[in-house]
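Report on one structure; see the data block that follows.
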Amino acid sequence: MFSFGFPATSQEISTYASQAAPPPWVEVAEAEKVQADPDGDYPLQYLIADRQTRADAENRHSYARYAFRLNTTVAVEENSTVIVNFDPEYQRVVLHTLKVVRGDEIRTLLDLSDFSIYRAETDRDNLIYNGTLQLSYIVPDLRVGDVLDYSFSVVGKNPAIGWHFSEHVQHEYAIPVRFLRDRLIFPADYQIRTTPLAGAAMPKRETLGKDSVYSWIARDVAARHVEGEQPGDAISYAGTTVSSFESWEEVGRYFAPFYDTTGMASDRINEIATTIKQAHRSDAARLRAALGFVQREIRYLGIELGAGGYIPRPAQKVLDRRFGDCKDMVVLVTSLLSALDIEAAPLLVNSGTKGGVALLGPTYEAFDHVIVAARLDGKTYFLDPTRGEQLGDLHNLQQGNFGKGLIIAPDSPGLVDVSAPVPPFFKVFKDRFVTSPDMDAIRLISTSEYYMGEADKIMSWIKSDGKQDVERRFLEYYQGLFDGLEPTGPLEVDVFEEEGKVRLTADYRIPEGWEHREDDDGELWRYLSVEPNGFFDQLPELDATPRQTARAIAHPVRTRVEVEVVLDDTWELEPENDRFEHPAFDVGLRTEFRDGILNRRFTYVSKAGRIEPQDIRAGRTALRDLRRISSYTLRGDVPETGEVMQNLRRLLLGE
């Protein structure tokens with residue numbers, strides 16, 4: 001995280017914060033009625049977690065109070081700073097209380113001059129600058145057993161949201177809470193929709209003058225243990241989505257004016273579209289060219305202060321600046337496609353929860369990314385301008401695979417399925433061992449083929465680090481497997497633009513590829529063991545720990561690894577076939593021997609991004625059985641001529 005602090009004079013702090021009592025509509029919890037449990041097993045124990053929000057068409061006032069007991073030195077170290085994040089474009093902070101309770105002693109510490117302001121770019125690692133500021137105070141003289149109790153309000157509403165309201169209310173946490181309250185207040189004429197998640201209770205509803213009040217109050221809320229490796233669409237904690245939108249269609253229609261490209265087709269955009277038309281005859285090729293232009297010419301960089309988090313810049317401005325975030329790049333693509341008479345619309349998606357957005361109630365907070373949904377010849381293509389330069393024509397291009405997405409349009413149909421076509425395999429690896437009957441040296445030809453998104457990753461690696469680094473990494477990998485391995489030529493890189501494919505070929509020599517060993521009878525043999533190098537790196541690692549919830553696995557993964565050994569017609573080997581079908585994936589092995597060539601082909605294809613608890617044991621068994629039979633050892637006679645005898649003569653006769 002990048003941050004810097006300003007000198008914390010009272011005048012500068014007052015630009016962003018003030019001090020006042022909570023507003024009259026806030027119901028202040030009584031701390032003396034909430035006692036800590038000194039024998040608690042948790043480093044930190046919340047006594048009070050109280051969030052109350054009052055929202056209307058003009059403003060939003062969010063009050064929060066937190067009181068927690070610090071049970072360990074680690075808890076003191078990690079929780080000794082009070083931090084309030086806010087967006088200076090439209091929000092201000094009001095501090096209400098700050099005190100430390102130690103037994104019967106209460107220290108009141110609230111003093112604006114003791115606070116500092118920091119710039120905290122929480123998304124900088126993702127090239128997003130959101131302008132977030134932190135109001136921060138390091139609490140002095142905190143000790144184990146102390147209770148830190150503070151309250152504040154963040155006031156202001158993002159102008160892009162208009163009169164609408166949306167929030168996710170969480171009803172349980174990873175640590176216990178003695179008193180937990182969420183309270184939301186709206187004008188009585190607001191139509192509010194609540195969607196309970198993971199067994200959440202419905203809110204208590206009441207009328208307060210001209211307002212409606214929704215509240216959830218719970219006491220002695222137990223800590224919720226959440227298992228690791230959860231799928232992205234898992235709902236870990238009980239919670240409620242609260243929204244003023246009645247449907248997903250309404251959300252998509254609300255944001256449509258922000259992405260309206262009417263009037264955005266400047267002379268420069270029309271000129272680019274004309275150039276694309278002249279260079280390509282089919283609409284498919286023109287669509288691909290428009291996407292490629294934006295991916296190539298516009299670098300990804302998000303400036304999302306205030307309304308910029310929701311409203312894209314005009315297409316011509318994005319073109320002039322040559323940078324933009326996902327919203328900006330989508331507007332430029334759709335503007336070009338409009339000039340090319342190709343139907344397209346923005347599509348809101350979530351890169352983490354993916355299809356899990358369908359579980360939530362209709363809310364704009366369900367999404368963190370936007371791509372393009374383009375229609376051509378009755379087919380929809382899900383295109384992401386932020387991916388960087390991609391390989392493949394329109395049919396072999398890696399598309400977005402987000403499960404669900406929300407169309408932004410005046411006639412939005414709401415949520416739609418967002419799935420990407422997949423190739424037979426994304427990765428195809430082949431190690432070809434060429435042996436000789438009278439030599440111990442073996443030639444190894446390694447071929448790695450990558451398709452669609454995996455091909456894009458390899459090209460990005462080559463462009464970022466250079467071909468020499470890729471070549472070095474491949475060499476180091478194989479030298480770690482085979483003693484004395486040496487390259488016989490440079491790494492070959494073949495790029496198939498239209499097919500969306502990259503092939504890397506490396507040629508090595510293993511001077512002592514065969515291993516010599518005596519059997520139990522003292523007879524000398526040579527052995528060659530071959531394994532599917534890199535195959536098991538593609539498979540999920542499933543441990544034996546019992547689970548109550550599904551476990552996430554990478555998806556879609558489609559990998560084939562071949563091991564081929566060129567022998568001669570004196571060998572006799574039996575074919576072998578094994579297949580392990582599982583609800584979450586299929587793995588298989590096929591062994592053939594024909595015309596003196598042994599071929600072992602391993603395949604792995606995922607079916608879903610999750611394994612249910614009842615299927616984990618079967619998955620572990622399948623992967624264990626496959627690993628058990630993955631290694632293959634060849635045993636042959638020790639040659640009487642060739643390198644072995646030459647080495648023996650040099651040793652014995654000094655030749």
Taking volume of the Cα convex hull per residue in Å³ as the quantity of interest, determine which of [x] 234; [y] 192; [z] 205 was computed from the displayed structure. [x]
Angle between the chain longest axis and helix 267-279 axis [Cα atoms, degrees, rounded to 10]: 20 degrees
If R₀ is 25 angstrom, what is the calculated FRET efficiency for the pair LYS210 and ALA21, using the beta carbon separation as r and rounding to 0.05? 0.60
Length-normalised contact order of the chain in % [C-alpha pairs under 8 Å, at least 6 apart]: 10 percent
What Kirkwood hydrodynamic radius do you get for the stretch 10-243 when you take the inverse of the mean 1/r over all pairs of distinct Cα atoms, in Å? 19.3 Å
Where a ≥ b ≥ c are root eigenvalues of the Cα gyration tensor, a/c under 1.5 meaning rounded, otherwise prolate if a/b exceeds b/c and oblate otherwise, the stretch 217-370 counts as prolate
Could you derive backbone 3J(HN,Hα) for the stretch 172-178 from the dihedral phi with the Karplus parameters 6.51, -1.76 and 1.60 (θ = phi - 60°), listing whole Hz in sequence and x where the residue is Gly or Pro? 7, 9, 7, 10, x, 10, 6
A correct Karplus calculation of ³J(HN,Hα) over the stretch 204-213, with 6.51 cos²θ - 1.76 cosθ + 1.60, θ = phi - 60°, whole Hz and x for Gly and Pro, returns 7, 10, 8, 10, 10, x, 9, 10, 9, 10
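Could you give the dipole magnitude of the chain about its Cα centre, charging the beta-carbon of Lys and Arg +1 and that of Asp and Glu -1, in debye to the nearest 20?
So the dipole magnitude of the chain works out to roughly 2300 debye.
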Cα-Cα longer than 30 Å, checked against LYS404/LYS430; LYS427/LYS467; LYS379/LYS463; LYS457/LYS607, kept in input order, equals LYS404/LYS430; LYS379/LYS463
How many nm is it between the label spots at LEU301 and ASN85, if each spot is 7 Å from the Cα in line with the beta carbon? 2.3 nm
Angle check, please: helix 613-628 long axis (alpha carbons) against the longest principal axis of the chain (alpha carbons), in degrees 0 to 90, nearest 10. 20 degrees
Are there trypsin sites (Lys or Arg not before Pro) in the stretch 278-364 that DSSP marks as loop and that have at most 12 other Cβ atoms within 10 Å, and which are they? ARG281, ARG322
For helix 283-297, what angle does its Cα long axis make with the longest principal axis of the chain, in degrees from 0 to 90 and rounded to 10? 70 degrees
Extended-chain gain in nm, criterion 0.36 nm per residue less alpha-carbon gap, TYR477 and ASP141: 115.7 nm
Suppose R0 equals 30 Å. What FRET efficiency, 1/(1 + (r/R0)^6) with r the Cβ-Cβ distance, do ALA420 and ASP267 give to the nearest 0.05? 0.30
From the square roots a ≥ b ≥ c of the eigenvalues of the alpha-carbon gyration tensor of the stretch 311-403, which class results: rounded (a/c under 1.5), prolate (a/b over b/c), or oblate? oblate
Only counting other Cβ atoms within 10 Å, I'd like ASP189, ASP220, ASP393 sorted with the fewest neighbours first. ASP189, ASP220, ASP393
Farthest towards the positive end of the dipole of the chain, among LEU376, ILE462, PHE115 and with Cβ unit charges of +1 on Lys and Arg and -1 on Asp and Glu, lies the Cα of PHE115
Are there any GluC sites (Glu not before Pro) in the stretch 529-576 that are in a DSSP loop and have at most 12 other Cβ atoms within 10 Å? List them by number. GLU541, GLU572
Out of the GluC sites (Glu not before Pro) in the stretch 160-267, which ones are loop residues according to DSSP with at most 14 other C-beta atoms within 10 Å? GLU246
Could you give me the ³J(HN,Hα) list for the stretch 352-367, computed from phi with Karplus coefficients 6.51, -1.76, 1.60 and θ = phi - 60°, whole Hz, x at Gly and Pro? x, 6, 6, x, x, 4, 5, 7, 7, x, x, 7, 6, 7, 6, 10
Would the stretch 423-577 count as rounded, prolate or oblate if I go by the C-alpha gyration tensor, calling it rounded below 1.5 in a/c and otherwise prolate when a/b exceeds b/c, oblate otherwise? oblate
Built amide H within the under 5 Å cut-off of GLU89, gap 5+: GLY306
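FYI, it's all coordinate maths here, none of it is from the lab. Since the model is a prediction, treat every value here as computed from it, not as a measurement. Virtual Cβ from ideal backbone geometry, glycine too; neighbours counted across all protein chains shown.
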